[in-house]
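The values are calculated or read from the model by the stated rules, or taken from the named source; none is laboratory data. These numbers were taken from a predicted model, which means no experiment stands behind them. Methodologically, a virtual Cβ is constructed for each residue, glycine included, from the backbone with ideal geometry; neighbour enumeration extends over all protein chains shown. For the accessible areas, the whole protein counts, side chains as well, though only heavy atoms, and no ligand, DNA or RNA atoms are used. Shrake-Rupley method; radii C 1.70, N 1.55, O 1.52, S 1.80 Å.
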Amino acid sequence: MTASVAAGVDELVDRLLEDLPPERTPPQEFLGAQYDRGLAWVHFPTDCGGLGLTPRDQQRVQQRLHAGGAPVAGVKNPIGYGMCAPTIVSHGTDEQKRRYLRPLFTSEEIWCQLFSEPGSGSDVAGLSTRAVLDGDEWVLNGQKVWTTLAHISKFGLLLARTNPDVPKHRGMTAFLIDMTLPGVEVRPLFQITGEAEFNEVFFSDVRMPDAARIGAEGDGWRVAVTTLMNERVSIGGAVTRRGGGPIAEAIRIWKERWSGNTSPQALALRDRLMSSWIRCEVISMTNQRASQQRRSGTPGPEGSVGKLAFAEENQRVYNLCMDLLGNDGMLFPAGYPMIRPDLVGMGSTDPHKMFLRVRANSIEGGTSEVMRNILGERVLGLPGDARSDKDVAWKDVPRS
Ligand SMILES: Cc1cc2nc3c(=O)[nH]c(=O)nc-3n(C[C@H](O)[C@H](O)[C@H](O)COP(=O)(O)OP(=O)(O)OC[C@H]3O[C@@H](n4cnc5c(N)ncnc54)[C@H](O)[C@@H]3O)c2cc1C
């Protein structure tokens, strides 16, 4: 960003904060104005909530908005904000961009991601949910699973098989499905925390107009890659302030319970705390460098590296929190409430709940093993994973 562009963007942010003071403006109204002034995602085109700048410039805007007390976009709609929006911008028609992006940004319409199935998680390209064209409508049948926030979603970004006669990556099509259509059924799946952030979703003869298709027929994999690459950054790409994020919780507990204690146990715990603090700082700085270097919207394999490191360190930090808490670590004050929350649980300040919730970090958004495959193949240039079904028609691949 040149100095004059930076000054122009700063002025836009300041004017937004002045015209709609966050402390007196309902969040949705503020976010709507932020979108209309191109400050939603400054790296998006001008008619899509952006200014045609780079992802790096977005950070500057975020920091200034944050300092001004602005509502944080995407908290209520993390999948819409972090994954569906960049996919719609990259692959959607003008009509789709006009229709979906603004209410997605303001969280008036929540989105979910309908990729994983009981038989296809890591191997998402092997999915079986079928969409068959009937006149100018698609008829959808099948099942998705682990669908975060589907129970409050108005729309979903869906991958379905439209041609079983070609190899798996070539026979899929992506859709923006209205979750209120007849034949869509959402059932809760409870997690180890006692909350059902995610769901099973069943489709029985759901009829979608062809206008719901995003990208060309058979081009679903290309659309999905945009979503998946953004998902990894969305999950693991945070740039936290020094000592912030999960490590802050470990430091807080250390200070409360162990500060001044010089027993061998305390010193051993302190070593773990220091190692984690350093690793958290390295991850944050690595993410910062990756986002500074990103010139276009879609992140590359560096997003997978960040996601892998984030997942492993989060688990390490909350394991440490439990050890710092000693016997109190065995209690779970929140109980198992068996609720269907409106927010994903990563923002909880309860270390007991987070200890349980972060187990999923090494699975959601692609498992750590799959992240290592990407790191090996796309960053280190090592030989690829064995892929025996690559050139075989999807219908001829044996599956259970
Ligand atoms: C909290 C949470 C939220 C989620 N939200 C969503 C969502 O909103 N939408 C959505 O579509 N999905 C969602 N998922 C699903 C998630 O993307 C999948 O669980 C994940 O991709 C793994 O797929 P799987 O569960 O089918 O495991 P599998 O793919 O069956 O993997 C089983 C094991 O085999 C390993 N494995 C598989 N393939 C390889 C390989 N090639 N090399 C090495 N090891 C391998 C895996 O690492 C894993 O350990 C969510 C998952 C969780 C936990």
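Scanning region 220-243 for residues that are open to solvent by 30 Å² or more (accessible area, probe 1.4 Å) and under 17 Å from ARG56 (Cα atoms) turns up VAL233, SER234, ALA238, VAL239, THR240, ARG241. Looking only at region 3-18, which residues are open to solvent by 80 Å² or more (accessible area, probe 1.4 Å) and either polar (S, T, N, Q) or closer than 15 Å to ARG64 by Cα (or both)? Residues satisfying the conditions are SER4, GLU11, ARG15, GLU18. Note on region 226-256: among residues that are within 15 Å of the chain's Cα centre (by Cα) and hydroxyl-bearing (Ser, Thr, Tyr), the one that is nearest to GLU313 (Cα to Cα) is SER234. Screening region 105-146 for residues that are open to solvent by less than 10 Å² (accessible area, probe 1.4 Å) and away from the ligand (no atom under 15 Å from the Cβ) and picking the one that is farthest from the chain's Cα centre (by Cα) gives TRP138. In region 182-225, which residues are more than 21 Å from HIS91 (Cβ to Cβ), of a type in the set (A, V, I, L, M, F, W, C) and more than 16 Å from the ligand (Cβ to nearest atom)? Residue satisfying the conditions is VAL206 alone.
Go through region 147-161 and give me each residue that's buried (at least 22 other Cβ atoms within 10 Å of the Cβ) and not in a strand (DSSP E or B). Across region 147-161, the qualifying residues are THR147, LEU149, ALA150, SER153.
Being farther than 30 Å from LEU39 by Cβ and in contact (Cβ under 8 Å) with a residue 40 or more places away in the chain is a condition met by at least one residue of region 173-185. Does region 232-245 contain any residue that is at pLDDT 90 or above, among the charged types (D, E, K, R) and assigned to a helix (DSSP H, G or I)? Within region 232-245, none of the residues are at pLDDT 90 or above, among the charged types (D, E, K, R) and assigned to a helix (DSSP H, G or I). Within region 198-217, the set of residues being part of a loop (DSSP other than H, G, I, E, B) and open to solvent by less than 40 Å² (accessible area, probe 1.4 Å) comprises GLY215 only.
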